[in-house]
1. Any idea which of VAL181, VAL194 is surrounded by fewer than 24 Cβ atoms within 10 Å (Cβ to Cβ), more than 30 Å from LEU286 (Cβ to Cβ) and either touching a helix residue (DSSP H, G or I) at 6+ places or on another chain (Cβ under 7 Å) or of a type in the set (A, V, I, L, M) (or both)?
2. Any idea which of ALA116, ALA172, ALA133 is among the small types (Gly, Ala, Ser), at pLDDT 95 or above and more than 17 Å from the chain's Cα centre (by Cα)?
3. Which of the residues belonging to the range 10-34 are more than 15 Å from ASP202 (Cα to Cα), surrounded by 18 or more Cβ atoms within 10 Å (Cβ to Cβ) and either in contact (Cβ under 8 Å) with a residue 24 or more places away in the chain or acidic (Asp, Glu) (or both)?
4. Run down ALA12, ALA87 and say which single residue is touching an Asp or Glu at 6+ places or on another chain (Cβ under 8 Å) and under 28 Å from ARG219 (Cα atoms).
5. I'm trying to understand the selection: among the residues of the range 1-25, which are part of a helix (DSSP H, G or I) and over 15 Å from TRP84 (Cα atoms)?
6. Among the residues of the range 336-347, is any polar (S, T, N, Q), modelled with pLDDT of 80 or more, under 22 Å from GLU252 (Cβ atoms) and surrounded by 12 or more Cβ atoms within 10 Å (Cβ to Cβ)?
7. Among what's in the range 294-318 and is surrounded by 13 or more Cβ atoms within 10 Å (Cβ to Cβ) and under 11 Å from TRP115 (Cβ atoms), pick the residue that is modelled with the highest pLDDT.
8. Search the range 177-191 for residues that are closer than 17 Å to GLN161 by Cβ and pair each with any residue that is among the polar types (S, T, N, Q) when their beta-carbon atoms are under 7 Å apart and the residues are at least 6 apart or on different chains.
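The values are calculated or read from the model by the stated rules, or taken from the named source; none is laboratory data. From a predicted model like this one, the values you see are computed outputs, not experimental measurements. Here Cβ is always computed from backbone atoms with ideal geometry, including for glycine, and neighbour counts include all displayed protein chains.
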Amino acid sequence: MDQPDHRAYLFAFSRVKGIGPVRLRLLQSRFGSLAAAWNADPQALFTSGLDQKSIAALLEARKSIQPQEDLQSLTERDIQVITWDDADYPKLLKEINDPPPVLYVRGHLTSADAWAIGLVGTRRATVYGREVAETLATELARNGITIVSGMARGIDAYAHQAALQAGGRTIAVLGCGVDIVYPPEHRKLAQQIVEHGALVSDYPPGTQPDSQNFPPRNRIISGMSMGVVVIEADERSGALITSEFAAEQGREVFAVPGNIFNRSSKGTNQLIQKGAKLVTNVNDVLEELNLSMVASHKEAQEVAPENDVERLLMSHLSHEPTPTDDLVNALKLPTEIITSTLALMELKGMVRQATGTSYVVAREERAPYLQKPYEGD
C-alpha cells in the first residue's frame, strides 16, 4: 500500500469514534493494510477483535467518509494531516504511550519545536499570574524555546501572546478541530499562531469544542514538551491534568509558587509539596532541562546528526550516572571517541554530565508522584 493511500485511511479511521491507537494497530496487523480493514465485512471485523459498538461506528462512518477525496479537501483548506509514520511527526510526542495516530495542523511544525516547554494555568488568572506567564514565555522564547499551551482564556493566552511578541514560536493544542477558533475572541491570536507556529489537534476538522475533549488533549500539550510549567491552578484546574500527564510521560513538572490565601495558587502550591520543581525565574527551567544553550544545541544537531556511536551510547545510559570508563569497556571503542561523542551529545541536549566523569540521559524518567487531579478549570 503506497504512503498516500495509507495516509488517507489513517485519516479516515481517526474520524471513527471508538477506534484509537491500540485498535488501529490491531486492525493493521490483522488485515495487512488499513485500506483492507476499512473495507472489511462486519464478521471479519468482529473476528479481528473489534466490539459491536466500534463495528457499528465504522459501518456508519463508511456512509459519509471518502478517504482520498476528504484528505484532498483538507489540503485545499491548508490543513496538514501528519501521521505517526511521517518524518515530521513531533519526536517528543511519538515517545509517549499510544501517541495520536493523526495530527491536524494549521501552520507549520519545525525541527526547532523539539525544544519546547508547556506553559499552562487557570482561565481565571490573577494579575500576578499574567505577569509570570508573560515573563516566562518571553524569556523562554528569547532563548529559542517553543511555547506550547492550549489557547484557553487566561494563562494559556498570555503565554502564547508573549511568545509571539518576543519573536518566538508557539504551538496551541486544541480541544476542537483546527478549523474552529475557541474561544471565539481568540480569532486574531489563532491567526498569529498559524503564522508563527501551529494550531494542532487530534480531533478531525469540524469537531466542535466540548468539555470532554479538553482533558485528553492535555496529554498532547505535555507530550510535545520537554517539561510543563504550571503557573496558576486551583485544586480543580485542568492544568493539573496536564501536569499528571507530564509526570506519567516522564517529563519534568514545574510549578510557580503563589499566595497561600489565593484559590488560584492552591493547586500549584500542592504540586510543589508533592515534588514538582519550584520556579522563581526562567533559569530554574533552563538549567533543569539543560536548555541554557539551545542555540548551540540546534547548531550541533544540524552539523552532526545522530550516528551509530550515539545510538550505542544512548542504549548504555540511563537516569543513573554511568562512568565514562564503563562506556569505553562496554563498547570497546577508543576513549577519545567516547568522550568527544558525549560532549557533542551534551550540546545536542541528549545527555548531561552527572559528575566529572559520568553521564546520564538528559530527560530522565521520573516516577509519577502526582495524584490524579480533579477535572474542571
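1. VAL181
2. ALA133
3. ARG23, LEU34
4. Just a single option satisfies the conditions, and that option is ALA12.
5. none
6. Looking through the range 336-347, none of the residues is polar (S, T, N, Q), modelled with pLDDT of 80 or more, under 22 Å from GLU252 (Cβ atoms) and surrounded by 12 or more Cβ atoms within 10 Å (Cβ to Cβ).
7. If we take residues in the range 294-318 being surrounded by 13 or more Cβ atoms within 10 Å (Cβ to Cβ) and under 11 Å from TRP115 (Cβ atoms), then VAL294 is modelled with the highest pLDDT.
8. LEU189/GLN161
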